[in-house]
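Have a look at the structure below, then the notes.
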Amino acid sequence: MKTFALLGATALITSTASAAFTNLSVTVVQNVVYAPSTLDCPPNGPTTGPRNVYSIYANFTVSNDRILSVFDYWNVSGTMNALHNDNAFGDIDTDGDGYADIFGMTGSWSPTLSNAAGTTTDSFVVIGTPGPAALDPGLTYPYFSAGIANGSGWHDSTPSSQNLAGTTLKIKVLQIARLAAGETAYTGRFNVGYAAFGTTTPLFGVGQFTIPAPGAIALLGFAGLIARRRRN
């Protein structure tokens, strides 16, 4: 199992020159072992096998900046292919022919259900980890499949300590678990609502993140290996 920080997260567009949201960043833990549970259906379906788990962070410049919301999510390119441990709604018949055509690929984006099913291998949205997130309709059944509907968002109506940038100057807002085998590149974009701690004045920014094709991740790991060898 390997962990990498992925480069190339986009720059932001903000409402003011002094805004403290800077960009989005992505890290990945590769080849996480996933053990199917009784919540998965079928137990040996497409949710099984090693997973690559991606964490998307909103980055800030001040430790007491607090995030309020993520909104106007947009699937820029590729397919998200997010996996859900909880499979909250069972198998789904999307075309109405009387036969299920999505197996184990659906589930809830709720952090409560995801946390119960195991945060290390699940897909979920958060406002700080493991902070709560209220979901817009585009993230609830039946409006989602294996991704996030365009225009969707999530927020925390009671911001507290988990919403602060803190010493790391970043706040986790999304986790995407995907099968390690057969991955493809994906890019998403969304707006971020935030405020300075102790103020009620909302500020806004937009960022974009990319999950690269598997070869790019492999090259990142190879580059790290070469760097270590050079230091030896």
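The values are calculated or read from the model by the stated rules, or taken from the named source; none is laboratory data. All figures in this text were calculated on a predicted structure; none of them were measured in a lab. Cβ: placed from backbone, ideal geometry, glycine included. Neighbour counts: every protein chain shown.
Whether a residue is over 29 Å from Thr158 (Cα atoms), of a type outside the set (Gly, Ala, Ser) and modelled with pLDDT under 75 was assessed, and Asp93 passes this test. The residue pairs whose first member lies in the range 73-99 and is loosely packed, with under 15 Cβ neighbours inside 10 Å, whose second member is modelled with pLDDT of 75 or more and not small (Gly, Ala, Ser), and whose beta carbons are closer than 8 Å, counting only pairs six or more residues apart or on different chains, are Val76/Thr187; Val76/Arg189; Val76/Gln208; Ser77/Tyr186; Ser77/Thr187; Thr79/Thr184; Thr79/Tyr186; Asp93/Tyr99. For the range 128-165, taking the residues that are surrounded by fewer than 16 Cβ atoms within 10 Å (Cβ to Cβ) and closer than 21 Å to Tyr194 by Cβ, the one that is modelled with the lowest pLDDT is identified as Ser157.
Residues of the range 156-183 that are touching an Asp or Glu at 6+ places or on another chain (Cβ under 8 Å) and under 21 Å from Ser108 (Cα atoms): Gln175, Ala177.
If I filter the range 204-220 down to residues being farther than 16 Å from Arg51 by Cα and either at pLDDT 80 or above or crowded, with 20+ Cβ neighbours inside 10 Å (or both), which single residue comes out as farthest from the chain's Cα centre (by Cα)? Even if it seems obvious, please write down each step before you answer.
Residues of the range 204-220 farther than 16 Å from Arg51 by Cα: 204-210, 216, 219-220.
This time we only want the ones that are either at pLDDT 80 or above or crowded, with 20+ Cβ neighbours inside 10 Å (or both), so: 204-210.
On the way: Phe204: 19, Gly205: 18, Val206: 15, Gly207: 13, Gln208: 12, Phe209: 10, Thr210: 11 Å.
Across the range 204-220, the extreme among qualifying residues is Phe204.
The C-beta contact set for the range 165-185 (first residue hydrophobic (A, V, I, L, M, F, W, C), second residue assigned to a strand (DSSP E or B) and surrounded by fewer than 18 Cβ atoms within 10 Å (Cβ to Cβ), distance under 6 angstrom, 6+ apart or interchain) comprises Ala180/Asn31; Ala185/Gly78.
So, in the range 184-203, exactly how many residues are among the aromatic types (Phe, Trp, Tyr), at pLDDT below 95 and buried (at least 18 other Cβ atoms within 10 Å of the Cβ)?
Residues of the range 184-203 among the aromatic types (Phe, Trp, Tyr): 186, 190, 194, 197.
Right, trim to at pLDDT below 95 and you get 194, 197.
Among the residues that remain, those that are also buried (at least 18 other Cβ atoms within 10 Å of the Cβ) are: 194.
Of the residues in that region, 1 qualify.
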